[in-house]
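The values are calculated or read from the model by the stated rules, or taken from the named source; none is laboratory data. Since we're looking at a predicted model, the values are computed, not measured. Cβ: placed from backbone, ideal geometry, glycine included. Neighbour counts: every protein chain shown.
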Amino acid sequence: MKHRLSAALSLIAALAQPGLATADCARDAMLVFDGSASMEEIGFDIQEATRIVEAREAMRRAMPQIAPYRRVGLLVYGPGPLDACSNIDLRFPPVEDAAGPVLEAVESLNPNGLTPLTASVQAAAEALEYRIRPGIVVLVTDGRETCGGRPCALGEQLARTGKDLTVHVIGFKVVVDFFGWDNPEQDSYAKDKTVAKCLADHTGGLFVSTETVDELTEALRETLGCPLIGRAEPAPDSEDRPV
């Protein structure tokens with residue numbers, strides 16, 4: 001209970017940062033979704049759902065509210081026919097009304113493999129043509145770079161060479177493991193958090209630590225969504241649709 005209260009307070013504090021709630025909906029976004037084997041892990045309470053089950057529920061709640069207002073693409077890492085660190089799958093670039101395709105892909109996902117989150121964020125940025133176009137990357141991960149990637153170095157590169165790229169990182173039930181993982185920047189940067197936080201810090205993005213379906217849902221709304229979310233607004237096909 002104490003751990004969940006701390007996570008909830010962390011979420012509230014992060015979402016209170018000025019300017020983040022007024023994200024420009026004209027900027028395309030790429031959702032980078034963790035499909036690694038750890039998303040199927042069961043915690044200490046064997047009656048709890050796995051991370052992937054709860055992440056699917058959060059996506060079902062959030063995406064129908066987000067997709068009418070922002071073009072969203074999807075990249076998944078983890079499962080696939082290649083070696084455990086090479087399965088980085090760009091499902092589709094940003095498209096209109098992406099809720100259906102995103103949910104279909106997440107529902108059919110069979111988590112496997114390791115966590116090349118750094119290379120995956122790089123691939124998502126390339127899909128956005130980040131050097132010449134503004135964009136947003138939202139990484140949903142259980143936290144561990146396990147394929148030797150260096151998120152801090154990548155964050156610096158994206159900030160230096162990008163047109164206007166923001167990377168938001170949503171940690172979901174993150175467990176930091178300092179042993180046995182190929183995660184070279186962890187000790188020097190993140191300490192008790194996922195090193196992926198570095199990507200948000202260097203690009204002006206938001207890092208949110210979430211522990212529950214409700215928290216993950218709200219984090220998705222805040223990072224991918226628009227100011228319209230949560231208020232009564234005209235239908236998406238009306239003249240008031242944002243551009």
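Some notes on this structure:
- One residue stands out among those in segment 72-98 that are over 15 Å from the mean Cα position of the chain (by Cα) and of a type in the set (A, V, I, L, M): the one that is farthest from Met59 (Cα to Cα), which is Leu82.
- For segment 113-134, the set of residues classified as at positive phi and either at pLDDT 95 or above or not small (Gly, Ala, Ser) (or both) consists of Glu129 only.
Residue by residue, here is whether (1) closer than 24 Å to Cys198 by Cβ; (2) basic (Lys, Arg) holds:
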position: Tyr69; (1), (2): no, no
position: Asn87; (1), (2): yes, no
position: Arg91; (1), (2): no, yes
position: Ala98; (1), (2): no, no
position: Gln122; (1), (2): yes, no
position: Glu129; (1), (2): yes, no
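- Among the residues of segment 57-83, those identified as in a loop (DSSP other than H, G, I, E, B) and in contact (Cβ under 8 Å) with a residue 60 or more places away in the chain are Pro68, Tyr69, Arg70.
- Qualifying residue in segment 122-142 (condition: buried (at least 20 other Cβ atoms within 10 Å of the Cβ), small (Gly, Ala, Ser) and in a loop (DSSP other than H, G, I, E, B)): no
- Set Ala123, Ala55: member being over 22 Å from Glu218 (Cβ atoms) and hydrophobic (A, V, I, L, M, F, W, C): Ala123
- Complete set of residues in segment 29-41 that are in a loop (DSSP other than H, G, I, E, B) and at pLDDT 90 or above: Gly35, Ser36
- Odd one out for Ala99, checked against (1) small (Gly, Ala, Ser); (2) in contact with a helix residue (DSSP H, G or I) (Cβ under 7 Å, 6 or more places away or on another chain); (3) surrounded by 19 or more Cβ atoms within 10 Å (Cβ to Cβ): (3)
- Taking the conditions (1) at pLDDT below 95; (2) part of a loop (DSSP other than H, G, I, E, B); (3) surrounded by 16 or more Cβ atoms within 10 Å (Cβ to Cβ) in turn, Ala7 satisfies each one other than (2).
- Filtered residue count, segment 42-56, keeping only those that are in a loop (DSSP other than H, G, I, E, B) and either in contact with a His (Cβ under 7 Å, 6 or more places away or on another chain) or at pLDDT 75 or above (or both): 3
- Top-ranked residue in segment 164-198 [being within 23 Å of Ala37 (Cβ to Cβ) and modelled with pLDDT of 95 or more; ranked as surrounded by the most Cβ atoms within 10 Å (Cβ to Cβ)]: Val169
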